[in-house]
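Peer 1: Handing you this structure, nothing more for now.
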Amino acid sequence: MSHNDRQMNGQHRPNSILDQFELPPAKKGKQRLARLRTVWRESWEEGGFLHQRWEEVFQARHASWHEVAVWIKTAALFGGLSLVVMMLDAAGDITSAALKGLSDVPATSASDGSGLWGTVDHPVRVFLADQAAHLAVAPAALYAFWQLTGLLGLVGGFFGNAGARIAWTLWGLASLAMIWSAAPAGGCAAATGLAALMWALASIFALRGLTLRPIVHNHPPQYQFSPAPHLHATIPAPTPAGDDYGPDNVHPLQR
């Protein structure tokens, strides 16, 4: 009996794995790497896990939403929601920074009403400053919000956004009303008309591509009806040979 054999319950047991010396850590690491390489190679072979996932991604480009794999739908939904949250967060930061920067400009002292733009801009500043005295908001914040609304309406309308075009229209009408109300009494009509012309020129870009003509879509009919006459004629059934009794069709016993 060798020295590695053990005696259990009076019987000799041969050498087993438990009796072997443990491999050094370096050899264990090499074995794990070799096993990982084998698993990685087998997963990319035909029928492997990664190979099937790649085939599902490749087929998703030409498949409908209902035919796409569930894990791709889940990943797309989570990615879309994360992107929306990031965009909303960035938009909030940008809007706050823009409002803060615009609010640093005084509402009334920046323009004295001289020049074309001053003729239009100064009445708006004066109107908002007078109204802010009765509200719990600073005049500079109202003026910044007025500027930001017009800028977003102009840019969004240029790219064809319907909501931005509605905001641009309401912004222009409100601006004309403010200018008519706060402009000097002798020149309110001229200031309002000048503002209307500026608004109309800017609307060339904000309402780009908008048309008032109804769009008529002429689609060919899916089913073409071709009328054709159909004649329905009833053909009498032939008389059996045994029932032909003569010209008057009377049985001989009935004569």
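Peer 1: Distance between Cα centroids, segment 35-66 to segment 119-167: provide it in whole Å.
Peer 2: 54
Peer 1: Assuming R0 = 35 Å, can you tell me the calculated FRET efficiency for the pair VAL57 and ALA174, based on Cβ-Cβ distance, to the nearest 0.05?
Peer 2: 0.10
Peer 1: For segment 149-208, what is the accessible area per residue in Å², given a 1.4 Å probe and the full set of protein chains?
Peer 2: Details: 3270 Å² over 60 residues.
Accessible surface, normalised per residue, equals 55 Å².
Peer 1: Let me ask something else about it. By how many nm would the segment from ILE166 to ARG35 grow when fully extended, if each residue of separation counts as 0.36 nm and the alpha-carbon distance is taken off?
Peer 2: Full extension from ILE166 to ARG35 adds 40.8 nm.
Peer 1: Still on this structure: May I ask you to evaluate 6.51 cos²θ - 1.76 cosθ + 1.60, the Karplus curve with θ = phi - 60°, for each residue of segment 68-82 and list the ³J(HN,Hα) values in order in whole Hz, giving x for glycine and proline?
Peer 2: Per residue, the Karplus-derived 3J(HN,Hα) values read 6, 4, 5, 5, 5, 4, 5, 5, 5, 5, 5, x, x, 5, 5 Hz.
Peer 1: Calculate the spin-label point distance for TRP117 paired with ILE204, positioning each point 7 Å from the Cα along the beta-carbon direction, and give it in nanometres.
Peer 2: 1.8
Peer 1: How would THR192, THR95 rank on accessible area, largest to smallest, probe 1.4 Å? The partial results should precede the final answer.
Peer 2: Working: THR192 25, THR95 60 Å².
Result of the area sort, largest leading: THR95, THR192.
Peer 1: On to the next question. Using label points projected 7 Å from each Cα along Cα→Cβ, tell me how many nm separate MET86 and TRP71, to one decimal.
Peer 2: 2.2
Peer 1: Also: Of all the accessible heavy-atom surface of segment 35-83, with the other protein chains kept in place and a 1.4 Å probe, what percent is carbon and sulfur? All intermediate terms of the calculation are to be shown ahead of the outcome.
Peer 2: Working: 2770 of 4230 Å².
That share works out to 66 percent.
The values are calculated or read from the model by the stated rules, or taken from the named source; none is laboratory data. Fair warning: this is a prediction, and the values are worked out from it, not measured in the lab. Note that we place each Cβ from the backbone using ideal geometry, even for glycine, and neighbour counts take in every protein chain shown. Protein only, heavy atoms only, side chains kept; ligands, DNA and RNA dropped before computing areas. Shrake-Rupley method; radii C 1.70, N 1.55, O 1.52, S 1.80 Å.
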